[in-house]
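Undergrad: Structure in structure tokens, see below.
The values are calculated or read from the model by the stated rules, or taken from the named source; none is laboratory data. Please read all numbers here as calculations on a predicted model, not as lab measurements. Positions of Cβ are backbone-derived with ideal geometry, glycine not excepted, and every protein chain shown enters the neighbour counts. Keep in mind that these areas ignore ligands, DNA and RNA; they rest on the heavy atoms of the full protein, side chains included. Shrake-Rupley method; radii C 1.70, N 1.55, O 1.52, S 1.80 Å.
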Amino acid sequence: MQLKVKRSQKTSGLIGKTVVFCADIRAEYTADERANINKYSLGGEIIYNSRAAAEHLDRMERQVDGSAKGLLKGLGSLVLAKMNLNITIASLQQGQHIECKDLGELLECEEAIMTACKNLKGFLEAAATFDGREIVVDLDEQMAA
């Protein structure tokens, strides 16, 4: 698995020029990784939600109280969350363009995606060990270390 990150910046705004930080991020999975992502139905797993999307999802959970009004408000928050950045394992393979006015948020996003990819790689490696093999763990040796 490789994660390719291309960073750039641009200015936006007609009157007040604002710097916008950009990243194009794309994952390249090996053939085995793609096969296992499909085998374990992981493509739709969300590995990153933008701050705005996470806030809308939190708001949705608080608003849904069983009443019709609560359900409508919750649905509205869900729609807003879907309009913000949500990155899945499958969408990362196609590539994602991310823009933030806050450099810190963009760096957090990059870090979260890198961590998620490392976790995915570890998960796929662990899943491959469930092939009937026997694993021996020497607890005495682990306790001494």
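Undergrad: Scan region 106-137 for GluC sites (Glu not before Pro) in coil per DSSP, keeping those whose Cβ has at most 10 other Cβ atoms within 10 Å, and list them by number.
TA: Details: sites: Glu108, Glu110, Glu111, Glu125, Glu134; in loops: Glu134.
Taking region 106-137 and a limit of 10 other Cβ atoms within 10 Å, the loop GluC sites (Glu not before Pro) found are Glu134.
Undergrad: Top to bottom by accessible area (1.4 Å), largest first, where do Arg133, Arg7, Arg26 land? Kindly include the intermediate steps, with their values, before the conclusion.
TA: Working: Arg133 130, Arg7 155, Arg26 90 Å².
Most to least solvent-accessible, the answer reads Arg7, Arg133, Arg26.
Undergrad: Work out the length of the dipole vector of region 95-145 about its Cα centre, built from +1 on the beta-carbon of each Lys and Arg and -1 on the beta-carbon of each Asp and Glu, and round it to the nearest 20 debye.
TA: 180 debye
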